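Undergrad: Would you mind keeping the following structure in view while I ask a few things?
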Amino acid sequence: MVVALTGRGLWSRLSNMSWDELETRMRQEVSKRLDVTLCSIGLRPGRNGLRSSSQSPGNFFFSTDELPQRVSLLREHLPHEAAAVVAEANEICRHRFRLLGYADLAYGDEIDWHLDAVHGLRSPLVPWFKINFLDFEKAGDHKVTWELSRHQHLVTLAKAWLLTGEEAYAREIFAQWYSWQHANPYPLGANWASSLEVAFRSLSWIWLHHLLGECPVVPASFQTDLLPALALNGHYIDRYLSTYFSPNTHLLGEAVALFFIGTLCPQLSSAEKWKKSGWRIVQEEALRQVRPDGVYFEQSLYYHVYALDFFLHARLLASQNGMEIPPGFDLVVRKMLTVIQALAQAGPPDGFGDDDGGRVFNPRRNRPEHMTDPLAIGAALFQDESHRASAALTEEAIWLFGEEAVARIVQVFDSRPTSKSQSFRDGGLYVTGSSEPFPQQIIIDAGPQGAGRSGHGHADALNVKLAFGGSKWLIDAGTCCYIGPGGERNKFRGTRAHNTLAVDGLDQAEAAGPFAWSSIPDTQTDLWMTGANFTLFEGSHSGYERLPQPVRHRRFVFHLHGSFWLVRDLAEGNGSHLLETSWHFAPELEVSKRGSGFVATPAQGQPNPDESSHLTLLLVVDPRWNSELLSENVSPAYGAKLSAPVVRCSARVGLPAEHAVLLIPAVGGMEKTGEFFRHDRQHRDDGLPEAAYWYEDGHATHCMIFRQAQKTVWNFGPWASDARFLYFCVKDRRVNHVLFCEGSFAQLPGESLISQDATLQWLEWTNRAGQQQLFSSDESAARSFSATALGSEIVI
C-alpha cells in the first residue's frame, strides 16, 4: 500500500518503529526500485533459482493415481457439487466470472487482468509500488481485480476436466495462464501489489500441477515455465513478507505459500529455506493471531475461517511429508474449530466483523452458511467425535482425504444438533442457547473491536444475533465492500447496522480510513452465569464516553431456556440524548406489526425447515419510545446487497434511561405475543429495584427484577432480597419457577426462601406438575432453601 507521510506524520511513524521494522522496510524499499532497474535491462529477478536436485518432490494431498477415486466419490456423494463445478467451468470458458459476491461478470474475448469489471475501472500498468490500490478513482475496487488473478477459477476448470474428460477445459486453463503471464510482467501492475495475492496465485498453480498430472493436452512449455514462475513468486513473497504491513492473514497466507513451494518444489535453490521459514511462521502466527480461547484476533468470523483454512491445509501438508506437528499448534486449531461449532448450534453461523470473501480452496464457498466447512476437515484430520457430530461432507474434504473423509464424516453426521450456552471470554463471544423444544441460540459480541486499530472489526459492541430451528433470524448486516464510490464501507460497519444501541446517531468508534478506527471502545463483561434452565449476561462498553456528556451503554441478556430472551439496554449518564436500538432481520423473512411488537415469518417461497416458524419481537410498553419498520440493505457476501427488514426503536430522553425487548422464537403453533411492561420507579432512592419487568403470555406471568448497582437490599411487591437478579413465574396465582442470582437472601411475607452469610452465585427452583426440583451453584446452600412460602397464592 502507498501511504503519503510527510513532516510530523513521517517522523511520528518512524519514531514508533523498532530497528528491525525500520531495517525491513528500508530493505524492501530498496528492493522495489532495484527490481525495476534489473527488469529494465532485461534481467529477471527471482527466476534464476533452478538447480539440479536428486531430492524427489514432496507429497501433495493426493497422488495422480488417487485422482480417479476422488472424482468418483465426488460424483457419488456430492453430485450437485460436481454439477456446479462443471456449470461454473462453462461460464469461465465464456469469460464470465463469479467473483466475491458478484455474478456473471463479463470480461470479453480477451481478459483484461487489470480491470475491475464491476465498476469499469482499470488500474495502470506501472511498477506495483506506485499504485495506490486504495484510491478508487485510479484503481477501482482492487479486490475485484485481485480475485480474478488468484487463479482459483483455473482450479475449477481442472476439476471440470477430471469430472468430464472434456479437453476444452484444460486448453482454456493454459490459454488464460499464458495470457496472464503476458499481461502481468514483473514488476508491473496491481496484481503484484500484495504478497498475499501472489501467495494465493502460487497455491492455485500448485493445485493445477497436481490435478493435471495425466492431462494429455498440457503443453510441454507449461512444465518448464511453471517452476520459474513459482520461483519468482517465492522470491517476491519472501522479500515482501507482510511482517509489519499486515501481520494477520496476509502474513499467514504468505507463509503457507512459501511452505508449499518449498516442500513441493525442491528443484528451487531456496526451497529448503522457504519450507523451514514458512512452517515456522505458520506455527508462530497460530500462537500470536489466535486468542487463548480459540477466537481469531481480527474479531471477524470470515477471517477466523480464512485463517483456519490456512492452518488446516498447512497442517495436512506437513503431516503428509512426515513433519513434526507441535501439540500446541493442534490445540490452537482444535479450539478454532470449537468456536465455529459453538456459533452454528442452532443454524448457519452468521458473520461478524469484515467479510473478506476469500477462501483457500473454493472461493464460491463464501456465504455465512459455508463457514462450517472447516469442521469437515477437522473431523477427518483429528478423528474428533465432538467435531464429527456436526460436520457435513464437503467437496474440499473429498479432494483432501478421499475415502477417509467419507468414512469419518458421512456415517456420523447428526442431522439434529443440540444447542447449549458457551463462552469464549478472550474473544468476548457468548452463546446463550438451549435445545428444547428446538435448537435456539443468541450470540453476544462483547469482545474487543479487533486487533491494533481494528481494521477488520465493526463498531458492534454488545451486538446480538439469533438463530433457531436451523435458520438465521436476527443477523449482522455484513460488509458490502472495502472501497467504493459512496459511503457504504462505513455504513455497513457502523453501529446502526448491528443489533445494538446507538447514541446521538454516532458509531461506537470513529472511522479513520477504510481499515482503521479511532476512539475504540473498551468492552467488558460484568456477568456471565449459566444455570440449569437459564443464562444471564451483563456487559458494557465505553464507546460513547467520548461525548461531551459521556454515556455508557450497558446491556443485559436473560435467556429462559426454551422460552424467550429479555434484552435490556441501559444508557448511563446525564443530559438528553437520542437513543436507537436496531433489529436486523434476515432477508428471507417478512416482518409485520402485531400489537406492541413485530412478528417475523419466512417469506413466501423461501426455503425453511418449518414454514410455521416465527419470531416475535415484543417491545416494552413505553410511550417515550417510537418504533418503525424499515427496509435496509444487508450484504451476504462481499459486493452483494439484499433488501431486508429492520425494526428501529428510538427516543430522545434524559439519562439515565433504558429500553427492553423480548425475543420469543416459536416453531409451529400460534404466534406468541402477550404484553410486556416495566414498573417505573419514581425516585432513585425509594428502596425499589433498578428495574422490574413482567411479561404476560396468556398462560403465566414472568417477572424479572434487577437490583440497583449502588443498593444492597430492594423490595418489590411481596419480595424482599439483595439478589442482583431475580426471576419468578406465576401461574394460577402460584409461583412455579424462581431464579435467584448473586445475593444472600430472598423472602416473601413471613417466610424466608434462602438466607446465607455469603453471596450465593445462583439458585433455581421449579415446580412442574407437582414435581419440585432444586438446582444451585452451591449444594450446601441449596439445602437451606425453603419452598413453603411458594405454596401460597401470590399477587404481583
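Undergrad: Tell me, which residue of segment 1-19 that is open to solvent by less than 80 Å² (accessible area, probe 1.4 Å) and in a helix (DSSP H, G or I) is modelled with the lowest pLDDT?
TA: Filtering first and then ranking leaves G7.
Undergrad: Quickly run through segment 506-532 and pick out the residues that are in a loop (DSSP other than H, G, I, E, B), open to solvent by 10 Å² or more (accessible area, probe 1.4 Å) and in contact with a strand residue (DSSP E or B) (Cβ under 6 Å, 6 or more places away or on another chain).
TA: Of everything in segment 506-532, those that are in a loop (DSSP other than H, G, I, E, B), open to solvent by 10 Å² or more (accessible area, probe 1.4 Å) and in contact with a strand residue (DSSP E or B) (Cβ under 6 Å, 6 or more places away or on another chain) turn out to be A512, S519, P521, G531, A532.
Undergrad: Within segment 555-573, which residues are among the charged types (D, E, K, R) and over 17 Å from T432 (Cβ atoms)?
TA: E572
Undergrad: Mind checking which residues of segment 206-228 are crowded, with 16+ Cβ neighbours inside 10 Å, under 22 Å from V360 (Cβ atoms) and not β-branched (V, I, T)?
TA: Of everything in segment 206-228, those that are crowded, with 16+ Cβ neighbours inside 10 Å, under 22 Å from V360 (Cβ atoms) and not β-branched (V, I, T) turn out to be W207, L208, H209, H210, L211, L212, L226.
Undergrad: Criterion first (open to solvent by 10 Å² or more (accessible area, probe 1.4 Å), hydrophobic (A, V, I, L, M, F, W, C) and closer than 21 Å to A199 by Cβ) does F97 satisfy it?
TA: No.
Undergrad: Can you tell me how many residues within segment 256-284 are within 30 Å of D460 (Cβ to Cβ) and either small (G, A, S) or out of contact with any Phe, Trp or Tyr (no Cβ under 9 Å at 6 or more places or on another chain) (or both)?
TA: Count: 1.
Undergrad: Does segment 247-270 hold any residues that are open to solvent by 10 Å² or more (accessible area, probe 1.4 Å), under 24 Å from D356 (Cα atoms) and in contact (Cβ under 8 Å) with a residue 60 or more places away in the chain, and which are they?
TA: N248, the sole residue that qualifies.
Undergrad: Being in contact (Cβ under 8 Å) with a residue 60 or more places away in the chain, open to solvent by less than 10 Å² (accessible area, probe 1.4 Å) and assigned to a helix (DSSP H, G or I) is the requirement here; does V339 meet it?
TA: In short, yes.
Undergrad: Just to be sure, is W146 open to solvent by less than 10 Å² (accessible area, probe 1.4 Å) and either touching a Pro at 6+ places or on another chain (Cβ under 9 Å) or farther than 24 Å from I398 by Cβ (or both)?
TA: Considered against the rule, which asks whether it is open to solvent by less than 10 Å² (accessible area, probe 1.4 Å) and either touching a Pro at 6+ places or on another chain (Cβ under 9 Å) or farther than 24 Å from I398 by Cβ (or both), W146 comes out as no.
Undergrad: Kindly list the number of the only condition in (1) within 26 Å of G770 (Cα to Cα); (2) out of contact with any Pro (no Cβ under 9 Å at 6 or more places or on another chain); (3) touching a residue at least 60 places away in the same chain (Cβ under 8 Å); (4) of a type outside the set (A, V, I, L, M, F, W, C) that fails for P718.
TA: With (1) within 26 Å of G770 (Cα to Cα); (2) out of contact with any Pro (no Cβ under 9 Å at 6 or more places or on another chain); (3) touching a residue at least 60 places away in the same chain (Cβ under 8 Å); (4) of a type outside the set (A, V, I, L, M, F, W, C) applied to P718, the lone miss is (2).
Undergrad: Something else about it: Within segment 274-333, restricting attention to residues that are open to solvent by 20 Å² or more (accessible area, probe 1.4 Å) and acidic (D, E), which residue is nearest to the chain's Cα centre (by Cα)?
TA: D293
Undergrad: In segment 670-707, how many are modelled with pLDDT of 85 or more, open to solvent by less than 10 Å² (accessible area, probe 1.4 Å) and part of a loop (DSSP other than H, G, I, E, B)?
TA: Of the residues in segment 670-707, 0 are modelled with pLDDT of 85 or more, open to solvent by less than 10 Å² (accessible area, probe 1.4 Å) and part of a loop (DSSP other than H, G, I, E, B).
The values are calculated or read from the model by the stated rules, or taken from the named source; none is laboratory data. Every value quoted in this text rests on a predicted model; they were computed, and no experiment measured them. Reconstructed Cβ throughout: ideal geometry from the backbone, glycine too, with neighbour counts over all protein chains shown. Note: accessible area is taken over every heavy atom of the protein model, side chains too, but ligands, DNA and RNA are not part of it. Shrake-Rupley method; radii C 1.70, N 1.55, O 1.52, S 1.80 Å.
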